[in-house]
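First comes the structure, then the notes that go with it.
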Amino acid sequence: GGNDTLIIDSTNGLIAVPFGIRYDGGSGSDELQLLQTNGPVDLTDTYSVGPAIGSGVSTIVGSGTAGTQTVFFEDLEPVLDLVPAALLTILATPTGNAINYSGLVTTGFVTIDEHESIEFANKTAMTIEAGPGADTIGINSPIKPTGLTTITINGADPSSGDATYGPAARLRGDGEVH
């Protein structure tokens, strides 16, 4: 119980344990912080919201022999991810979702329905995979966080009724926003 923060610092390398790291925040306001102050840029960083509010998985794949760091979480409030990676992929649920992106000067901020938000920086590209269902995707700020050069949004099926809005949103026929 109480208000807890789990800090996973991969400054000395990804923490790659066989069955991943498991974090149950319990009651209160509980946060997950993924940090790295220097070192290599990892290949991919994936944030997947889980089926229950407050649950999900963070998976960071390093280059070469760095391995894969996986964190399974539940009963969590926000996630802060500052680990440098070439690509951040955010996976929504397989139902219709309300997905919103905002830039916060040096960090980006994404919410999916009532799931836990992710605040991030130090990514070169971000892809939001909206998945199946009629999704509403808001690009609410033209501000991009430190290091981010590309934002891509993929809808699973353009005929499902996906809609994008905001000052930076342009939906292509294949369901991608650039």
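The values are calculated or read from the model by the stated rules, or taken from the named source; none is laboratory data. Predicted model only: the values in this text are computed from it and were never measured. Reconstructed Cβ throughout: ideal geometry from the backbone, glycine too, with neighbour counts over all protein chains shown. Remember, those area values only see protein heavy atoms, side chains included, never the ligands or the DNA or RNA. Shrake-Rupley method; radii C 1.70, N 1.55, O 1.52, S 1.80 Å.
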| message | Suppose we filter segment 41-61 for residues that are under 12 Å from residue 85 (Cα atoms) and either loosely packed, with under 14 Cβ neighbours inside 10 Å or in contact (Cβ under 8 Å) with a residue 40 or more places away in the chain (or both); how many remain? | response | 7
| When the residues of segment 18-40 are filtered to those that are open to solvent by 60 Å² or more (accessible area, probe 1.4 Å) and touching a Ser or Thr at 6+ places or on another chain (Cβ under 8 Å), which remaining residue is farthest from residue 65 (Cα to Cα)? | 37
| If you go through segment 72-103 one residue at a time, how many are closer than 18 Å to residue 29 by Cα, over 12 Å from the mean Cα position of the chain (by Cα) and hydrophobic (A, V, I, L, M, F, W, C)? | 3
| query | Among the residues of segment 124-148 satisfying the criterion of being open to solvent by 60 Å² or more (accessible area, probe 1.4 Å) and at pLDDT 90 or above, which is farthest from residue 45 (Cα to Cα)? | reply | 129
| task | Report yes if residue 111 is in a strand (DSSP E or B) and open to solvent by 30 Å² or more (accessible area, probe 1.4 Å), otherwise no. | result | yes
